[in-house]
Amino acid sequence: MDRPPVYGIEVFLAIIREGSMRAAAKTLGVGAPAVSLQLKALEEKMGVGLIFRTTRSIELTEAGRVLFNAAGPAYRDMAYAVKKTREVGKSTTGTLRISLSRGAYITVIAPLLEKFQSDNPGICLDLSFNEGLTDIIRERFHAGVRLGDLLSPEMVAVRLTPPLTPAFSAAPSYLVRHGRPGHPRELLQHRCIRYKLPTANKIADWHFTEDGQDKIIDPPTRLIFDNMIGVIQAAREGHGIGWSLRATMEDHLESGDLETVLDPYVRKLPPFYLYYPEQNKRIECLRLFIDCLVSYRDQHAKNSF
């Protein structure tokens with residue numbers, strides 16, 4: 001396929017639009033000889049003359065008029081498309097799509113949501129809760145929030161939190177009936193509410209720390225949920241001991257609906273990170289969102305990082 005000489009056509013259109021080669025050169029930011037050479041190369045490529053040149057004016061040949069009438073509107077459309085494309089990146093209005101878990105929302109987004117919306121009234125946050133590993137490129141998200149050990153090396157990542165604190169918890173009524181475990185191995189005699197990783201279709205391991213070593217326990221399972229809301233709700237209802245991020249159950253701990261157990265054995269989790277593909281780094285709405293997240297992180301760094 002014969003590729004169109006796009007730059008040569010741009011020069012040709014600039015000459016007609018500006019009325020002279022010198023004016024066209026100034027508009028294009030090049031020297032007048034370069035414009036003359038480009039026009040000559042275009043005419044050779046086309047195999048026909050496009051412009052009658054005189055010392056005082058330029059006139060279109062019949063072939064030049066055909067090219068001008070056909071290419072002029074197309075070039076304007078292309079220039080408009082380029083302009084609109086650039087505006088997408090620079091705009092401070094629009095919808096920002098973020099994939100995250102409920103735990104990430106409570107821990108990272110909820111505390112600063114009011115400030116971000118107040119400072120950026122033109123940005124709509126479209127937040128999609130997903131406990132699984134989402135392909136944010138295929139699903140057309142601008143960014144996601146995920147634990148650091150689950151990040152793809154192809155993504156740009158921004159740390160948002162210190163290492164996270166999970167907790168084992170149960171309703172007071174359950175602990176009265178079945179007792180409070182004093183060691184993780186005692187979970188083998190308890191009713192346990194487990195979380196299944198949606199993407200892997202696998203029950204998440206229960207980790208704990210003892211004497212500086214990471215250990216795993218696999219207690220009998222009475223209830224399984226593929227989201228943390230179900231785990232916490234079932235624990236509140238007294239069905240057993242569940243595991244979740246402490247931040248997701250803080251309100252229930254304060255109200256007394258839940259009590260933590262085995263706190264000395266809890267193993268920290270990796271921090272939450274905002275991640276996004278390199279191609280999205282010039283989106284202004286995303287930059288403003290990241291600035292807000294980082295500002296909040298830095299304000300709380302002294303006490304938490």
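Read the figures in this text as sums done on the coordinates, not as results from a lab. Given the structure is predicted, the values throughout are model-derived calculations rather than measurements. Every residue, glycine among them, receives a Cβ derived from its backbone with ideal geometry; neighbour counts consider all protein chains shown.
Return the inverse of the average 1/r over all pairs of distinct C-alpha atoms in segment 6-90, which is the Kirkwood hydrodynamic radius, in Å to one decimal. Numbers along the way, then the final one.
Numbers: mean 1/r = 0.0742 Å⁻¹.
Every distinct Cα pair counted, the radius reaches 13.5 Å.
Please compute the modelled spin-label separation between E210 and Y80, points set 7 Å along Cα→Cβ, answer in nm with one decimal.
7.1
How high is the relative contact order of segment 166-305? Use alpha-carbon pairs under 8 Å, at least six apart in sequence, and give a whole percent. Walk me through the numbers before you get to the answer.
On the way: 193 pairs, mean separation 47.1, N = 140.
Dividing the mean separation by the residue count of segment 166-305 yields 34 percent.
Using the Karplus curve 6.51 cos²θ - 1.76 cosθ + 1.60 with θ = phi - 60°, work out ³J(HN,Hα) for each residue of segment 156-161 in order, rounded to whole Hz, and write x for Gly and Pro.
7, 10, 10, 5, 10, 9
Sorted by mean Cβ packing within 10 Å, highest first, what order do the peptides 213-223, 63-73 take?
Values: 213-223: 12.9, 63-73: 15.0.
Most protected by this proxy first, the peptides run 63-73, 213-223.
With the crude spin-label approximation of a point 7 Å out along Cα→Cβ, what separation in nm comes out for V156 versus E250?
2.9
Below 8 Å, C-alpha to C-alpha, sequence gap of six or more: please give me the relative contact order for the chain in percent. Let's see the in-between values first.
Numbers: 464 pairs, mean separation 65.4, N = 305.
Dividing the mean separation by the residue count of the chain yields 21 percent.
What is segment 166-265 by shape, rounded, prolate or oblate, if you read a ≥ b ≥ c off the alpha carbon gyration tensor as root eigenvalues and call it rounded for a/c under 1.5, prolate for a/b larger than b/c, and oblate otherwise?
Rounded shape, in that the Cα axes give a/c under 1.5.
Could you compute how fast the chain diffuses translationally, taking Rh as the Kirkwood radius over C-alpha pairs and applying Stokes-Einstein at 20 °C with viscosity 1.002 mPa s? Give it in µm² per second.
Details: Rh = 24.3 Å.
Here the translational diffusion coefficient equals 88 µm²/s.
Using the number of other C-beta atoms within 10 angstrom as an exposure proxy, rank M46, M78, M249 with the fewest first.
Ascending number of Cβ neighbours within 10 Å: M78, M46, M249.
Of K202/K268; K202/K281; K40/K84; K26/K83; K196/K281, which ones are farther than 28 Å apart at the Cα? All intermediate terms of the calculation are to be shown ahead of the outcome.
Working: K202/K268 21 Å; K202/K281 34 Å; K40/K84 32 Å; K26/K83 21 Å; K196/K281 33 Å.
Correct reply: K202/K281; K40/K84; K196/K281.
If R0 is 22 Å, what FRET efficiency do you get for A110 and D149 from their C-beta distance, rounded to 0.05? Don't skip to the end; give the middle numbers.
Details: r = 23 Å, r/R0 = 1.04.
Here the calculated transfer efficiency is 0.45.
Residue by residue, what Karplus-based ³J(HN,Hα) values in Hz, rounded to whole numbers, does segment 197-211 have, using 6.51, -1.76 and 1.60 with θ = phi - 60° and x for Gly and Pro?
Per residue, the Karplus-derived 3J(HN,Hα) values read 5, x, 6, 7, 6, 9, 5, 5, 5, 9, 9, 8, 10, 9, 6 Hz.
So for segment 31-172, considering every pair of alpha-carbon atoms, how many percent are separated by more than 24 Å?
Summing the P(r) of segment 31-172 above 24 Å gives 60 percent of all pairs.
Mind ordering 160-166, 242-248 by average Cβ neighbours within 10 Å, highest first? Let's see the in-between values first.
On the way: 160-166: 17.7, 242-248: 22.0.
Highest to lowest by the protection proxy: 242-248, 160-166.
Across 10 Å bins from 0, what is the distribution of all Cα-Cα pair distances for segment 228-305, in whole percents?
Values per bin, smallest distances first: 14, 32, 28, 21, 6.
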